Amino acid sequence: MSESIFDKRSLANIYEEIRKVYLSDNRPWIIGFSGGKDSTCLIQLVWNALSELPKEKLQKKIYVISSDTLVETPKIAERITTTLDNIEQAAKNTNLLISTNLLRPKITDTFWVRMLGLGYPAPTTMFRWCTDMLKINNADRFIQEKVSEYGEAIVLLGMRKSESSTRQQSMNLYKIDNSLLSRHSKYAQTYVYTPLEDFTAEDVWNYLLQNKNPWGEQNRDLLALYQDANASECPLVVDTSTPSCGGGRFGCWTCTVVDKQKHLGNFIEHGEEWMETLVELRQILKDTQEQSEWAKVREKKRRHGRVELKTYGSKCPKCETLNEPSAEYCKNSGCGEPLINYTPGPYTMEFRKQYLEKLLLGQLKIQKEGPNPNQKLILDEEIHEIQRIWRMEQGDWQNSAYQIYKKVTGKTLESVKEDMGGFNKMEEELLQQVCTKHNVPAKLVSILLNLEFEHQGATRHSKIYGKIKSELTKEWRDDMTEIMKELTDDRDKRNTVKSNAFDKSHTE
């Protein structure tokens, strides 16, 4: 068990260290806040330490930042927003130059736009696309803005070495000799200060429970939140070495990187039954990660428009036997399970539409059964962006996302005006008829028409040629048997050439 920081240092000594770093230069401080115990302890330590300084020495700006992924567990998201407001208001009554900033991803990068709009599959340990887009990029943009404004900046994080051996190694890796600061993992003009690095979890709770919260909240309420969820906090993520916040951590309710969201289950056990809807919606996404479901919910073509053979063996979803990449059926005698020997692409449009409807139904249910009648699981702006992508990439001229919204809510979501020639459901059906008659993919023609409208009025219309070429070089055939045979034959020919070349080099 790690030794308590307070057996080695007094609280006064820790405060003095914080003041020393604060007064050593004019670089602004950026404090990462996640709403959990460590980041709350960090801000409280900084607040109490600097409050002892005279007004004339409190000239450095302090920015408290928190990332709102838009898919945070609602109870945690509400707490973060409330706390940021309380910190902002309380700071106005002091001489501390503290401001709070709730950072959100760009609308094009939100979880639902990427998943339902572009078809990104549910995140896995191998394809954890969400961390960059929902968390890291937000903090990076803010840090870069402040570095551009001030030249350099110092980021304060509530990281502790006792959290894990991996965390300790990472912190030690960037430490600057004979300095209380560390190098930032990405930016040369940014430094990191971790006042809690030698604290244990018990030290954090002891400090919080024995010292009054300076912005008027009760730290025992935070303790109760942890006890209800049986969880640890999800830190502000600044690089991809930070582990997923699923499992026992507070984090995104949609997280599929872990097998189970334990904190949601614990909230439900403590009376928050309305969260069962979140568990059910998440499980639908988790189930799509099973290989046996890929043929139902995933496209056979990648987003770049081509089919890709697997370069590694196919594991049988039934008996888990590892087969050759080209195998169509499991080689294990008595099994013979069909195998997917191509790399699956994005979610199908059918799945995306079905899930959007389930998500909106879940939103209505939570608004009715939960504590917040205005709770949003997906923003109207996200639905607008999803529909824009469906129209441009999928030829969805009938505005399916808006139709689904109206079907579920009974309300009309006013469409964003776009110069698309007024194409609608009738034109889409007509296009389908004409393309079927001439054996041309309707989706291809739709995309080419959309490209033309998109580039109307451009000073250099030649820019469209590259995009047209890109679309025409995609795989538009639907006969997977024919496509797979071509790809397999081509691969076998290349392997034969390589093998012959290898044999020749060793016989000469």
### Task
Please find, among Thr125, Thr131, Thr83, Thr100, the residue that is in a loop (DSSP other than H, G, I, E, B), in contact with a Ser or Thr (Cβ under 8 Å, 6 or more places away or on another chain), among the β-branched types (Val, Ile, Thr) and on the phi < 0 side of the Ramachandran plot.
Thr125
## Note on the structure
Checked segment 109-136 for anything under 12 Å from the mean Cα position of the chain (by Cα) and open to solvent by 50 Å² or more (accessible area, probe 1.4 Å); matches are Phe127, Arg128, Asp132
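Every residue, every condition in (1) touching a helix residue (DSSP H, G or I) at 6+ places or on another chain (Cβ under 9 Å); (2) over 30 Å from Arg302 (Cβ atoms); (3) touching a residue at least 40 places away in the same chain (Cβ under 8 Å); (4) acidic (Asp, Glu), yes or no:
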{"site": "Thr83", "(1), (2), (3), (4)": "yes, yes, yes, no"}
{"site": "Leu96", "(1), (2), (3), (4)": "yes, yes, yes, no"}
{"site": "Pro105", "(1), (2), (3), (4)": "yes, no, no, no"}
{"site": "Asn137", "(1), (2), (3), (4)": "yes, no, no, no"}
{"site": "Arg141", "(1), (2), (3), (4)": "no, no, no, no"}
{"site": "Val147", "(1), (2), (3), (4)": "no, yes, yes, no"}
### Message
Of all residues being without any contact (Cβ under 8 Å) to a residue 60 or more places away in the chain and over 21 Å from Val297 (Cβ atoms) in segment 342-370, which is surrounded by the most Cβ atoms within 10 Å (Cβ to Cβ)? Just the residue, please.
### Response
Gln363
### Task
For Arg388, work out the one condition from (1) modelled with pLDDT under 95; (2) within 24 Å of the chain's Cα centre (by Cα); (3) open to solvent by less than 70 Å² (accessible area, probe 1.4 Å) it doesn't fulfil.
(3)
### Query
Residues in segment 409-419: is at least one closer than 20 Å to Gln354 by Cα, open to solvent by less than 50 Å² (accessible area, probe 1.4 Å) and part of a helix (DSSP H, G or I)?
yes
### Query
Just to be sure, is Ala401 under 30 Å from Trp274 (Cβ atoms) and of a type in the set (A, V, I, L, M)?
yes
### Query
Taking segment 146-164 on its own, how many of its residues are exposed (fewer than 13 other Cβ atoms within 10 Å of the Cβ) and either within 25 Å of the chain's Cα centre (by Cα) or of a type in the set (Asp, Glu) (or both)?
2
#### Entry: segment 184-229 - residue that is open to solvent by 50 Å² or more (accessible area, probe 1.4 Å) and either in a helix (DSSP H, G or I) or among the acidic types (Asp, Glu) (or both) and, of those, nearest to Gln168 (Cα to Cα)
Asp198
### Message
If I filter segment 1-57 down to residues being assigned to a helix (DSSP H, G or I) and of a type in the set (Gly, Ala, Ser), which single residue comes out as surrounded by the fewest Cβ atoms within 10 Å (Cβ to Cβ)?
### Response
Ala12
## Note on the structure
For segment 303-319, pairs from a residue that is closer than 13 Å to Asn341 by Cβ and assigned to a loop (DSSP other than H, G, I, E, B) to a residue that is among the β-branched types (Val, Ile, Thr) and modelled with pLDDT of 80 or more, with Cβ under 6 Å and 6 or more apart or across chains, are Glu308/Thr343; Lys310/Thr343
### Message
Which count do you get for residues in segment 453-481 that are charged (D, E, K, R) and open to solvent by 80 Å² or more (accessible area, probe 1.4 Å)?
### Response
6
#### Entry: Selection status of Glu72, out of contact with any Gly (no Cβ under 9 Å at 6 or more places or on another chain) and among the charged types (D, E, K, R)
no
### Among residues of segment 299-341, those that are touching a strand residue (DSSP E or B) at 6+ places or on another chain (Cβ under 7 Å), open to solvent by 30 Å² or more (accessible area, probe 1.4 Å), closer than 30 Å to Lys353 by Cβ and modelled with pLDDT of 80 or more, counted
1
### Task
Report, ordered by the first and then the second residue, all pairs with beta carbons closer than 7 Å, sequence separation of six or more or different chains, a first member in segment 472-493 that is touching a residue at least 24 places away in the same chain (Cβ under 8 Å), and a second member that is acidic (Asp, Glu) and outside any helix (DSSP H, G or I).
Ile483/Glu475
### Where Leu430 falls short, out of the listed (1) open to solvent by less than 100 Å² (accessible area, probe 1.4 Å); (2) modelled with pLDDT of 75 or more
(1)
### Message
Report every pair of residues separated by at least 6 positions or lying on different chains whose Cβ atoms are under 8 Å apart, first residue within segment 8-32 and small (Gly, Ala, Ser), second part of a loop (DSSP other than H, G, I, E, B).
### Response
Gly32/Leu157; Gly32/Gly158; Gly32/Pro235; Gly32/Leu236; Gly32/Val238
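Residue-by-condition table, conditions (1) modelled with pLDDT under 95; (2) touching an Asp or Glu at 6+ places or on another chain (Cβ under 9 Å):
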site	(1), (2)
Tyr22	no, no
Ile31	no, no
Lys37	yes, yes
Ile43	no, no
Asn48	no, no
Tyr63	no, no
Ser67	yes, no
Pro74	yes, no
### Query
When you scan segment 232-269, how many residues do you find that are at pLDDT 85 or above, among the β-branched types (Val, Ile, Thr) and open to solvent by 20 Å² or more (accessible area, probe 1.4 Å)?
3
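The values are calculated or read from the model by the stated rules, or taken from the named source; none is laboratory data. Worth saying up front: this structure is predicted, and the values here are computed from it rather than measured. Virtual Cβ from ideal backbone geometry, glycine too; neighbours counted across all protein chains shown. In case anyone asks, the SASA skips ligands and DNA or RNA and just uses the protein heavy atoms, side chains included. Shrake-Rupley method; radii C 1.70, N 1.55, O 1.52, S 1.80 Å.
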